[in-house]
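Contents: one structure, followed by commentary.
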Amino acid sequence: MTERRTKMDIVYDMLHAIQDKGGTILPTHLLYKSNLSHGRLKQYVNELKGKALIAEIDKKGRMMFILTDQGAKFLANYRQLREFTDAFGL
Amino acid sequence: MAIAITVRGPEWFFGVDSLFEGFAALALLLITLFSFKAYRFTKDKRYRTFAIAFAFMTLGMVGRGVSDLLVYLDMQVHPLALIAGYAAYMGLTIVSLVVLFALTMKARQRAPLVALFLITFVAVMLSSSYRLSFHTVSLILLAFIAYHFVKNYYQKKSLTALLVCGSFVLLALTQAAFIADILRHKLYIIGHLIHLVAFALLFLALLRVLRK
């Protein structure tokens, strides 16, 4: 059985999905990649936008999400944290 | 009351041990700082407890390093100052090992841990052979902690986990070497060398974390 994702894991999965797509992603792709319901995704997106980890842009008439510098910094910190936690078994 | 401080190891090694302890203190300080950073990032109390354990260990190591350095420099300090340095090292190390033990065993209740600390602390401080008691208590606690890291390595199978596991196994071995040194007077330098390698592994583990 897979472990339940923490809030931080979900945020990481969302930001990682955006980074994986080169820094911009369509909302439908983000929904698919983050494995969340539409309602929950909306909640998370609002929170991430509020914390300036992602931003909304208009690209050729299509709304997309981009990873901000702060979002990229969060990803780097999270990767270090995960390595640290795994190494010490915390 | 006469106060006697036994200085161990050959004379040529005085000062070198302080350097080793300085390096150990640096590695411990970096882990403390990273743990605090992790706590600020996540607000998860595990990281705060971990940081506190390593902060105690760092301070203890600084206390020991400074005391060893004072002996090496042959400075005319009051013997009580040296005793305070070594006592701080022992006391703070025991606190940190008990906290690490609690964290790795995922112990939730505080009372048994406070009791464990008091029993070990009093046993070491009141012992006529306090060094022997200290290294024996440390060996027991480190053996349990190292066992956790060995299990963790087999679960995670990462190089960083292996470095941490190796480091704590060596730290436990260091205590065994110091116990053997007290009984046979030959393993002081070997104990310090194992100590150095153990902290070098811990340092490497942290570098790997920071490279991510």
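Remarks
- One chain, two ends: A:Asp58 and A:Arg82. Fully extended at 0.36 nm per residue, the span grows by 5.3 nm beyond their Cα-Cα distance.
- Placing pseudo-labels 7 Å out from each Cα toward the beta carbon at B:Gln76 and A:Leu26 gives an inter-label distance of 8.4 nm.
- Global size of the range B:90-155: 12.5, 42 Å for Rg and Dmax (C-alpha atoms, Rg to one decimal, Dmax whole).
- The range A:9-86: trypsin sites (Lys or Arg not before Pro) in DSSP coil with no more than 15 other Cβ atoms inside 10 Å: A:Lys51, A:Lys60
- Chain A contacts chain B over a buried accessible area of about 1900 Å², both sides summed; the probe is 1.4 Å and only protein chains count.
- Gain in span if fully extended, B:Ala107 to B:Trp12, counting 0.36 nm per residue against the direct Cα distance: 29.8 nm
- Carbon plus sulfur fraction of accessible area for the range B:11-211, probe 1.4 Å, in percent: 71 percent
- Each label was represented as a point 7 Å from its Cα along the Cα-to-Cβ direction; for A:Ala72 and A:Arg40 these points are 2.9 nm apart.
- Radius ratio Rg over Rh of the protein assembly as shown, counting only Cα atoms, Kirkwood formula for Rh: 1.11
- Hits among lysines - C-alpha to C-alpha of B:Lys151 under 20 Å, sequence gap 8 or more where chains match: B:Lys106
- Quarter the surface of the alpha carbon convex hull of the range B:11-211 and you get the mean projected area, 11.8 square nanometres.
- Residues considered: A:Gly23, A:Gly39, A:Gly71. Largest GNM mean-square fluctuation over chain A, using C-alpha springs under 10 Å, is found at A:Gly39.
- In this structure, the pairs whose alpha-carbon distance is over 31 Å, taken from B:Lys37/B:Lys186; A:Lys33/B:Lys157; A:Lys59/B:Lys43, are B:Lys37/B:Lys186; A:Lys59/B:Lys43.
The values are calculated or read from the model by the stated rules, or taken from the named source; none is laboratory data. Just so you know, these numbers come straight off a predicted model, no measurement behind them. Glycine gets a Cβ as well: all are built from the backbone with ideal geometry, and neighbour counts include every protein chain shown. Areas reflect the complete protein model, heavy atoms only, side chains present, ligands, DNA and RNA absent. Shrake-Rupley method; radii C 1.70, N 1.55, O 1.52, S 1.80 Å.
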